[in-house]
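Everything on this sheet refers to the single structure shown next.
The values are calculated or read from the model by the stated rules, or taken from the named source; none is laboratory data. The structure presented is a predicted model; accordingly, all values stated were derived computationally and were not measured. Counting neighbours? That spans all protein chains shown, and the Cβs are built from the backbone with ideal geometry, glycine included.
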Amino acid sequence: MFFKHLQKVLKENIREYGMFIALFVIMVIFTITTDGIFISSRNISNLLNQTGYTAVLAVGMTLVIVIRHIDLSVGFLAGFLGAVAAIALEFWGLPVYLVIPMILVLGALAGLVTAFPTAQLGIPSFVSSLAGWLIYRGALLLVTAGTGTIIITDDAFNAIGNGYIPDIPDIGILPEIHKVTLLLGLIAIVLFIFNELRSRKKKLEYDFEVLPMDMFILKLVFVSVLVGLITWVLSGYNGLSWTVVVVLIVVALYHFITTQTVVGRHIYAIGGNPDAAELSGISVKNLTFAVFGSMGMLAALSGILFASRLQSATTTAGTLFEMDAIASAYIGGVSAAGGVGQVTGSFIGAIVYMSLTSGMNLMNVDIAYQYVVRGAVLVAAVIFDVATRSRGK
Amino acid sequence: MNTPILEMKNITKEFPGVKALDNVSFRVTEGEIHCLVGENGAGKSTLMKVLSGVHSHGTYTGDILLNGQLQEYKGISDSEDAGIAIIYQELALIPEMSVYENIFLGHEISSNGFTVEWNETIKRANEMLKRVRLDVNPSTKIKDLGVGKQQLVEIAKALHRDVKILILDEPTAALNEDDSENLLNLLREQREQGVTCILISHKLKEVIEIADTVTVLRDGQTVCTLNAAEGEISEPVLIKHMVGREIDNIYPSREHYIAEHVALEVKDWNVYDPQLGRELLKDINFNVKKGEIVGLAGLMGAGRTELALSIFGNPDGYHTHGDVFLDGARVSFGHPADAIKAGVAYLTEDRKGNGLILIQDVKQNITLANLREISKRGVVDNNTEIKTANQYRTSLDIRTPSIEQKVQNLSGGNQQKVCLGKWLFVKPNVLILDEPTRGIDVGAKYEIYTIMNRLVKEGMSIIMISSELPEILGMSDRVYVVSGGKIAGEMPIGEATQEKIMDLATDY
């Protein structure tokens, strides 16, 4: 009975769970090949911090690809805005609490500018964002021309990319363990279980279809164990980093917007069939602006995370970020045909992508082979996606 | 003169669920202009697709004989090699290429099989242009020519390949009177030169003017073949043969619920398409009352869909001029969203193209146009959504295993019901239905008609665009006939007959 249910649920949701299975397999392989170094607290913590700036881009790129567009400009936009942030902090002496919102707003504006030729004039986004790619690359070189690399000395700013959330003072129990992280993990598990139970109860009240009880419990146990494991691993090092906090907030917010709100549904409708969406009273133009605006803002955030992590703005910051983000989104199950893809998928895709880099670095694999492997994984992920899509009806 | 150059014998072609051609026989004499007439969906285009190899040998039953020899075309290139050229209503020219490039596209002149001899090409193109009496520079790009001239380029393209049979599918549908006259003259000249011509046309006057022989198709069957020389061709005769079927009993009985109150009125409405560069609609006046079903009859391409779109927020960016009144108040919709908000809904004729989001499920499609209704502060209430969708699933009897089924997996009739559900959920006062029963089976048709009756009983006004005359007659309270972008006539249902409507619809 139990296995029959499990088989059925897995079969029906192979696409959604495929990503997690892939991540799990990759992690196991690297853990074996690196004698466990890969799964160490320190490495996982590093891995997640490195994923941060790609992950936020991948989240924004998900929406862009869902509405059948692409944004190539975001890599150098992130680099450029990171440099602007550095200049504002170091040369203009602006406080960090002013610089961050300013950079985010600038990013959103830049996104709207990229969207203009596409949304207003119907020019392919590949072209308009390629123009942005060139322009921001030039702009980045321009603002760093006099100084070269700009070292950032603001501690608060640098903490975003390097700092960890504070812990309560050592009171003797669980030494060496980040207790606040552990506590947050526990709270997250409790909230998750509570939320699932409530929504199940409500669905049953309405007489709607729900998972069979054994599968429901399995899901609760699985997710709880997963979250528990991750928090345990993280709390064994420095705890939750600010980068991870920021990324989790972004992913949660965008997941909520895309799955629960009217705007989110309209975005997926446009991706599914722009003509039908327009005739259903949805303004394709306005939402195209909105999606590119959000992409620009997330590019700004990515630039902040990266500059903060390096504690400096460099002349090459942002190089190929856009490609990493696009690859992450495709690995995460976003369809190039539009209308299909989840931000959580892209987030996992980004982690998979970074895991490959991290694992192969630990194995001392030559960078040339690393690119080949990443390309192979990308194409394998997309083939898997296409193969399961035609079945998953 | 009497040898048949082409004979199609007992052609039967079935599509899933529909018999498009049922034992059709068709005989064309060498050197004549043979017209093929019939209502939309009578099977004319399908027959020509069988002839040209679009429907390849083996997908139909029956024989094609060319000069007495059995033909088995596997594709268009086979029929082209045999000397058959077909020119579709949608021109197959490449707008960004020049006239001469288009004429020789796919048959480029080359002596070594690798490089194109452009000088020779231009010279030959000039000869062809002279033959079709088109006085343009062959280097002109196609996009810079009017539709009439483009049509001539298509013919030149066909003729240079030494065609024996030239097929034209509604060549004059998009042309003005002068261009049409030119084209007909050209066909007469080609006849002199021995080209046999098959012409599909809805314009009966034109058919009478030019045809040597006319074959009438109806519901996928040959009705009769008429001969001009024996004086058998006249408009009433043609119309009688085209529509001469009994209206079967597939319409639910109707009561009339019409109130005096005018729900929607359109006055002196003119629509110009800046992309095509021509006027689509001219001086349109019509209205629909509360509780009334108004039928907009006419042939495909008459401008009815454009009329609906131009009123419904004008998403294609036409230039419009004139007034629309909703419940007596003048309105102007800048976007479909405005129209929906004001209580006007438009169910598109192409449900897969611009009606449904095929990759989404039944529930998401039904709620799409009115998500605000089931959301609080921008957040969709999933439970209310499921309830809403189930409600429409029950009331419209949408047959689906679950409301979470993707609509691409539903049958045509059920897809149409999902479309209908979507528009009923916006709770409109005026519902425009564009070909509401196209491509769905008889049972589903009946159900949709029943739903329409229920809606007008509840006080809704329905504008029904339909190319099927029986449907117009079976469902409308009042009929407008649209022809060539104009309202050609209006009549209460009591006075409407198939003949009358067809007469107005074909009168350009």
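Structure notes:
- For the range B:383-392, taking the residues that are in contact with a Lys or Arg (Cβ under 9 Å, 6 or more places away or on another chain) and not aliphatic (A, V, I, L, M), the one that is farthest from the other protein chains (Cβ to nearest Cβ) is identified as B:Y392.
- Filtered residue count, the range B:155-171, keeping only those that are surrounded by fewer than 24 Cβ atoms within 10 Å (Cβ to Cβ), assigned to a loop (DSSP other than H, G, I, E, B) and under 18 Å from the mean Cα position of the chain (by Cα): 1
- Hey, B:Y73 under 27 Å from the mean Cα position of the chain (by Cα), closer than 23 Å to B:K13 by Cα and without any contact (Cβ under 8 Å) to a residue 24 or more places away in the chain or not: yes
- Looking only at the range B:71-117, and only at residues there that are among the charged types (D, E, K, R) and in a loop (DSSP other than H, G, I, E, B), the one that is surrounded by the most Cβ atoms within 10 Å (Cβ to Cβ): B:E117
- Applying the criterion of being in contact (Cβ under 8 Å) with a residue 12 or more places away in the chain and of a type in the set (D, E, K, R) to the residues of the range B:468-504, the residue that is farthest from B:V237 (Cα to Cα) is B:D477.
- Once the range B:2-38 is narrowed to residues that are outside any strand (DSSP E or B) and within 26 Å of the chain's Cα centre (by Cα), the residue that is modelled with the highest pLDDT is B:G38.
- So B:I340, is it part of a loop (DSSP other than H, G, I, E, B) and either at the interface with chain A (Cβ under 10 Å from one of its Cβ atoms) or in contact (Cβ under 8 Å) with a residue 24 or more places away in the chain (or both): no
- Selection from the range B:344-355 of residues that are more than 20 Å from the chain's Cα centre (by Cα) and at the interface with chain A (Cβ under 9 Å from one of its Cβ atoms): none
- If you go through the range A:138-152 and keep only what is in contact with a helix residue (DSSP H, G or I) (Cβ under 7 Å, 6 or more places away or on another chain) and surrounded by fewer than 20 Cβ atoms within 10 Å (Cβ to Cβ), you end up with A:A139, A:V143.
- The residue list A:L356, A:L378, A:L362 contains one member that is free of Cβ contacts under 8 Å to residues at least 60 places away in the same chain and either out of contact with any Leu (no Cβ under 7 Å at 6 or more places or on another chain) or within 14 Å of chain B (Cβ to nearest Cβ) (or both), which is A:L378.
- Flag: B:I293 does not match the condition of being within 12 Å of another protein chain (Cβ to nearest Cβ), out of contact with any Cys (no Cβ under 7 Å at 6 or more places or on another chain), at negative phi and crowded, with 20+ Cβ neighbours inside 10 Å.
- Cβ-Cβ under 8 Å pairs, at least 6 apart or on other chains, the range A:15-33 side among the charged types (D, E, K, R), far side at pLDDT below 85 and assigned to a helix (DSSP H, G or I): A:R15/A:D385; A:R15/A:T388; A:R15/A:R389
- Selection of the range B:365-377 for residues being more than 7 Å from chain A (Cβ to nearest Cβ) and either of a type in the set (D, E) or surrounded by fewer than 24 Cβ atoms within 10 Å (Cβ to Cβ) (or both) yields B:N370, B:E373, B:I374, B:K376, B:R377.
- Lone qualifier among A:G303, A:G239 - being more than 13 Å from chain B (Cβ to nearest Cβ), assigned to a loop (DSSP other than H, G, I, E, B) and either charged (D, E, K, R) or within 30 Å of A:I150 (Cβ to Cβ) (or both): A:G239
- Any hit, the range A:15-32, residues being surrounded by fewer than 17 Cβ atoms within 10 Å (Cβ to Cβ), of a type outside the set (A, V, I, L, M, F, W, C) and part of a loop (DSSP other than H, G, I, E, B): no
- Hits in the range A:1-57 (condition: over 20 Å from A:R309 (Cβ atoms) and under 19 Å from the mean Cα position of the chain (by Cα)): A:R15, A:E16, A:Y17, A:G18, A:M19, A:F20, A:I21, A:A22, A:L23, A:F24, A:I26, A:M27
- Only a single item in (1) outside any helix (DSSP H, G or I); (2) away from every other protein chain (no Cβ under 14 Å); (3) buried (at least 22 other Cβ atoms within 10 Å of the Cβ) is not met by A:G281, and it is number (2).
Every residue, every condition in (1) crowded, with 19+ Cβ neighbours inside 10 Å; (2) within 11 Å of chain A (Cβ to nearest Cβ); (3) touching a Ser or Thr at 6+ places or on another chain (Cβ under 6 Å), yes or no:
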{"residue": "B:R304", "(1), (2), (3)": "yes, no, no"}
{"residue": "B:T320", "(1), (2), (3)": "no, no, yes"}
{"residue": "B:P336", "(1), (2), (3)": "yes, yes, no"}
{"residue": "B:I357", "(1), (2), (3)": "yes, yes, no"}
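- Taking the range B:396-484 as the region of interest, none of the helices (runs of 4 or more DSSP H) fully inside it holds 1 or more residues being within 14 Å of another protein chain (Cβ to nearest Cβ), surrounded by fewer than 22 Cβ atoms within 10 Å (Cβ to Cβ) and of a type in the set (K, R).
- Entry remark, the range A:194-213: residues being modelled with pLDDT of 85 or more, closer than 25 Å to B:Q405 by Cβ and among the charged types (D, E, K, R) number 2 in total.
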